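Q: Have a look at this one before I ask anything.
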Amino acid sequence: MRRATLVLCLLVLSRPAIAQQGFTVGPVTAAAGTIAAGALTVAARGEDSGTTIPFTIINGASAGPVLALIAGTHGMEYVPIVALQRMRDRIDPRTLKGTVIMVHVANMPSFLGRTIYYSPVDGKNLNRVYPGKADGTISERIADTITREVIARATHVVDLHCGDGNESLRPYSYWITTGEPRIAQAGREMALAFGLEHIVVDRERPTDPAASMYTSNTAITRGKPALTTETGGIAIVDEPSIEMVQRGVAGLLKQLRMRTDGPLPVATPILFDRNEVVRAGQTGILYAEVEKGREVRKGARLARITDFHGKTIEEIRAPFDGHVLYVVSTPPITKGEPVAMIGAR
Ligand SMILES: [Zn+2]
């Protein structure tokens, strides 16, 4: 009896404040205070041969939030993919509180196939098919796998984008305001912590968890704060954009109290309450006539589309006074596709 009491006392005394457990994603478990890596398998089905989703778990020595960082939702958005490669061994699990899950390339078919927007296998946009379908096409099965294996295990989610292979983009983040007020407020704090001054206020995401469409919104509709970020573009891997991602993640780790040090949040954000994606009315050759990050007046010409013999068939104009968040700056354009995004305060 006395001995049992002694053992119990020793157990209580030797236990840290909050014990951390091993953390499992798919086939991989990282013990407390360690890093482990592997891949999720999206099995073959019908005509497609399936794919893999490589990830790293950085499991802190003590318990805390679970921050999922997802890169490569769009396969030609390289900056976040390269930034996570660099950050794998720069977050020390021995001093980390909680767990970081890095998804290195969410959309492997699009990454290896070098496609913008759409999967080369099923023609779908991964960031429109969430929460996915276990018996669906490849993009739907990728979404289903990430929803179950990553988002379900996280407490906070960041979907790291940049301008796609055709988009010249100024850095900004999307703060999604739909969902519970508590979750929206936490999302705002994440946006400020990430450190990008320009923040698009997004009030129009679906609220049904079964039709969440977007990666971040899949987390939000499941009661988890989330953020979408945009840094870099047109398939260029540049140092300033990579550093923005690193700085952003460092800011989040501090704000979520997963690390003690880190950069301060944005003090004076520039919030874009009104936003519009301006789309092409014609198919042809696109000539951008404005640069990312510029202020434009209502009616200013943003781009021109010609037919394949050089005749102008459409002029794309700014719908209101605003800021050019991105502009498509490569020639191919198909009717209905985005040409530019304009934001106004
Ligand atoms: Zn994207």
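Q: What order do you get for 201-212, 136-147 when each peptide is scored by the mean count of other beta carbon atoms within 10 Å, highest first?
A: Listed from highest to lowest mean packing, they are 136-147, 201-212.
Q: If you find the alpha carbon centre of segment 44-120 and of segment 191-211, how far apart are they in angstrom?
A: 20
Q: So what is the relative contact order for the chain, in percent, with contacts set as C-alpha pairs under 8 Å and at least six apart? Can you show the working numbers first?
A: On the way: 897 pairs, mean separation 49.0, N = 345.
Dividing the mean separation by the residue count of the chain yields 14 percent.
Q: Right, here's the next one. Rounded, prolate or oblate: pick one for segment 209-296, where a ≥ b ≥ c are the square roots of the eigenvalues of its C-alpha gyration tensor, a/c under 1.5 means rounded, and failing that, prolate if a/b is larger than b/c, else oblate.
A: Values: a/c = 2.12, a/b = 1.41, b/c = 1.51.
Judged from the Cα gyration tensor, segment 209-296 comes out oblate (a/c at least 1.5, b/c at or above a/b).
Q: While we're looking at this one, here's another question. Under a cut-off of 15 Å between alpha-carbon atoms, report the aspartates and glutamates in cross-link reach of Lys311, not counting same-chain residues fewer than 8 places apart.
A: Hits, sequence-local ones excluded: zero.
Q: What percent of all Cα-Cα pairs in the chain falls in each 20 Å bin, counting up from 0?
A: Here the calculated profile for the chain is 30, 55, 13, 2, 0.
Q: With a ≥ b ≥ c the root eigenvalues of the C-alpha gyration tensor of segment 132-177, is it rounded (a/c under 1.5), prolate (a/b larger than b/c) or oblate?
A: oblate
Q: Right, next: Among Ser168, Ser62, Ser216, which comes first, second and so on when ranked by fewest other beta-carbon atoms within 10 Å?
A: Ser62, Ser168, Ser216
Q: Say the cut-off is 31 Å between C-alpha atoms; which of Lys298/Lys335; Lys224/Lys335; Lys133/Lys335 go over it? Walk me through the numbers on the way to the answer.
A: Values: Lys298/Lys335 22 Å; Lys224/Lys335 36 Å; Lys133/Lys335 29 Å.
Cα-Cα > 31 Å for Lys224/Lys335; rest within.
Values quoted throughout were computed directly from the atomic coordinates according to the rules given, and no laboratory measurement underlies them. The structure displayed is predicted, hence computed values, not measured ones. Please note: Cβ atoms are built from the backbone with ideal geometry, for glycine as well, and neighbour counts cover all protein chains shown.
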